[in-house]
Amino acid sequence: MLSVHEVTTAYQGLVAISAVSIEVAKGEIVCVAGANGAGKSTLLKSIAGAERPRSGTVTFDGKRLDGMAQHHITATGIAYVPENRRLFPRLSVRDNLRLGSYLYRSEANREEPLDLVFTLFPRLSERLEQRAETLSGGEQQMLAIGRALMTRPRLLMLDEPSQGIMPKLVDEIFQAVNRIRDAGMTVLIVEQRMAECLEIADRAYILQTGRVLMQGPAAEIRGNPDVRKAYLGL
Amino acid sequence: MTAETIIQSLASGLLMGLLYGLIAVGLALIFGLMDVVNFAHGEFLMIAMYVTFFLFTFFAIDPLLAAPLAAAALFVLGAVVYLVVVRFAMRAKANVGMVQIFATFGLAIVMRGLAQLFFTADYRSVPQSWLGGKTVSIAGIFLPQPQLFGALVAIAAFGGLYLFINRTDFGRALEATREDPGAVALVGIDKNRVFALGWGLGGALVGLAGAIMASFFYIYPDVGASFALIAYVTVALGGFGSVFGAFAGGIIVGLVEATTALVLPPSLKSVGIYAVYLLVVFIRPRGLFGSM
Ligand SMILES: Nc1ncnc2c1ncn2[C@@H]1O[C@H](COP(=O)(O)OP(=O)(O)OP(=O)(O)O)[C@@H](O)[C@H]1O
Ligand SMILES: [Mg+2]
């Protein structure tokens, strides 16, 4: 479904990821893990069109994405929840969700994903009139995922959804990711919390200083003695 | 000074104030959307007045009917100015604020120069129109019809703008873009399109104002300058970027101007506005309705 081939992305000459290749198949949950500064966010930005790769290709269902404008990439069916969530802080929860379905014209298409969003995150339905900025960190993350689901994506990309969130809500969010996959979507998730991420993922990649260090089925990576020592603290 | 004179001039001040609000609101809208001050705003007004003048001169279209056409023409002008000038000015690597100021300020000078070249520096006017020279009297107060009509158009335009921003998808996209232009692509919105439409809308609003003013003001290449100054004061009074603030600010400016004219000689009529402006700036620097 998604194929990232030897992508290199740099910030003013500083190479953040170099020749990174990953594959995501339809219906998978794929986890990209790695330490601070490994290039995880840069990888997602390069796919979403928020940064332009210096070289390499990104293909989504046969369509070249690299070089395409970010809003067009969203329209191809990729929803991206960035690290800092980028909600519209002074707009209500309702308006944030409503904006998610901006690309659809028919009311039926616009309302349809709401059921899933409210099933996953019932607390959002209780806070529809509240400004997004007044939500707790966890609720903001839920809203950001909710808004992304409103675009009716085929691929959902999450950048550290657990960041700055209390443990109980982290569980809730990982649960939600599982159910999003059950609803027919594919998920690419970037995390520093490797243990939780590997638990729900089918396959995983480990990035280190901008390169793919290791890849394979999640269970295999979890069992790898080097990974256990270096990343899982076991 | 009788009570009647006072009421009479406050009523005229109110009508003029509503028109000031309509002139200023496009400026406020654009500033609110993207933090850019359009220093060519007065020249937009000037162009709208000429459009109305030429529609009358060549096609005998009354300013009343020319208003929507002037609005449409200025919509296009606004969008083109964004796409051709402002969009690139915003990409400057250093001193973005300065670059934007000079880009729109330079545009103002160019537009004035072109107006002098093509339209000459002559003072023009629309010699006769349906409403021109007519007044209505309400409870002993005489109101000139073109100004009254202008005030009604201003109220209608503000009402329409309010509904547009609060009730439509595009209005929501406008709000979202003003919150975080870098985030709208996440929901598939092209921020450049929103910016271009925002400039178009700002242009259309000042276009309406220009068409109305063409029926009772002289039209000449520099006509925008004095009104632009009032517009900047109006926007600063109301709160930069606040659309409602521009409405209220316009009314205040109109009333203060009328009051000043009652007590000071006409040549000093701007003194009152300026005094109120300074007062607001010192006491409440973000304007009466500003929220930044
Ligand atoms: N906008 C930027 N400008 C310059 N350098 C950047 C920028 N964003 C990231 N970098 C650099 O690129 C490298 C990779 O950053 P990236 O954000 O992709 O890492 P990450 O794996 O997401 O880290 P974290 O876990 O802290 O979020 C880092 O060295 C970082 O300093
Ligand atoms: Mg990151």
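Brief remarks on what is shown
- Flag for B:Val256 being touching a residue at least 12 places away in the same chain (Cβ under 8 Å), buried (at least 22 other Cβ atoms within 10 Å of the Cβ) and under 15 Å from the mean Cα position of the chain (by Cα): no
- The residue list A:Thr134, A:Thr151 contains one member that is more than 16 Å from ligand 2 (Cβ to nearest atom), hydroxyl-bearing (Ser, Thr, Tyr) and in contact (Cβ under 8 Å) with a residue 60 or more places away in the chain, which is A:Thr151.
- Within segment A:216-231, tally of residues that are within 16 Å of ligand 1 (Cβ to nearest atom) and surrounded by fewer than 20 Cβ atoms within 10 Å (Cβ to Cβ): 1
- Subset of segment A:67-92 [over 18 Å from the mean Cα position of the chain (by Cα) and within 27 Å of A:Gly13 (Cβ to Cβ)]: A:Gly67, A:Met68, A:Ala69
- 1 or more residues more than 13 Å from chain B (Cβ to nearest Cβ) and among the aromatic types (Phe, Trp, Tyr): qualifying strands (runs of 3 or more DSSP E) within segment A:27-88: A:55-60
- A:Gly37 vs. criteria farther than 17 Å from A:Leu156 by Cβ, surrounded by fewer than 16 Cβ atoms within 10 Å (Cβ to Cβ) and within 13 Å of ligand 2 (Cβ to nearest atom): yes
- Flag if A:Tyr102 is surrounded by 15 or more Cβ atoms within 10 Å (Cβ to Cβ), in a loop (DSSP other than H, G, I, E, B) and either touching a residue at least 60 places away in the same chain (Cβ under 8 Å) or not basic (Lys, Arg) (or both): yes
- In a residue-by-residue description of segment B:158-168, the property of being without any contact (Cβ under 8 Å) to a residue 60 or more places away in the chain, farther than 30 Å from B:Gln8 by Cα and among the charged types (D, E, K, R) applies to at least one position.
- When the test is whether a residue is within 14 Å of another protein chain (Cβ to nearest Cβ) and either crowded, with 22+ Cβ neighbours inside 10 Å or part of a helix (DSSP H, G or I) (or both), B:Ala173 passes it.
- Pairs meeting the criteria (first residue in segment B:189-200 and without any contact (Cβ under 8 Å) to a residue 40 or more places away in the chain and surrounded by fewer than 19 Cβ atoms within 10 Å (Cβ to Cβ), second residue among the aliphatic types (A, V, I, L, M) and in a helix (DSSP H, G or I), beta carbons under 8 Å, at least 6 apart or on different chains) are B:Asp190/B:Val184.
- Selection over segment A:117-142 of residues that are of a type in the set (A, V, I, L, M, F, W, C), in a helix (DSSP H, G or I) and more than 13 Å from every other protein chain (Cβ to nearest Cβ) gives a count of 5.
- Taken over segment A:102-116, the criterion of being closer than 24 Å to A:Val190 by Cα and within 14 Å of chain B (Cβ to nearest Cβ) is satisfied by A:Pro113 alone.
- The condition (being in contact (Cβ under 8 Å) with a residue 60 or more places away in the chain, assigned to a strand (DSSP E or B) and within 12 Å of ligand 1 (Cβ to nearest atom)) is satisfied by just one residue among A:Leu207, A:Leu213, A:Leu156, A:Leu188: A:Leu207.
- Only one entry of B:Pro265, B:Pro285, B:Pro221, B:Pro181 meets the criterion of being surrounded by fewer than 24 Cβ atoms within 10 Å (Cβ to Cβ), closer than 30 Å to A:Arg98 by Cα, over 13 Å from the mean Cα position of the chain (by Cα) and of a type outside the set (Val, Ile, Thr), and that entry is B:Pro181.
- Among the residues listed as A:Val20, A:Val81, the single one being among the hydrophobic types (A, V, I, L, M, F, W, C), within 15 Å of ligand 1 (Cβ to nearest atom) and more than 30 Å from A:Gln130 (Cβ to Cβ): A:Val20
- Residue that is surrounded by the fewest Cβ atoms within 10 Å (Cβ to Cβ), among those in segment A:2-26 that are at pLDDT below 95 and in a loop (DSSP other than H, G, I, E, B): A:Gln12
The values are calculated or read from the model by the stated rules, or taken from the named source; none is laboratory data. The shown structure was predicted, so the numbers you read here are calculated from the model rather than taken from an experiment. Note that we place each Cβ from the backbone using ideal geometry, even for glycine, and neighbour counts take in every protein chain shown.
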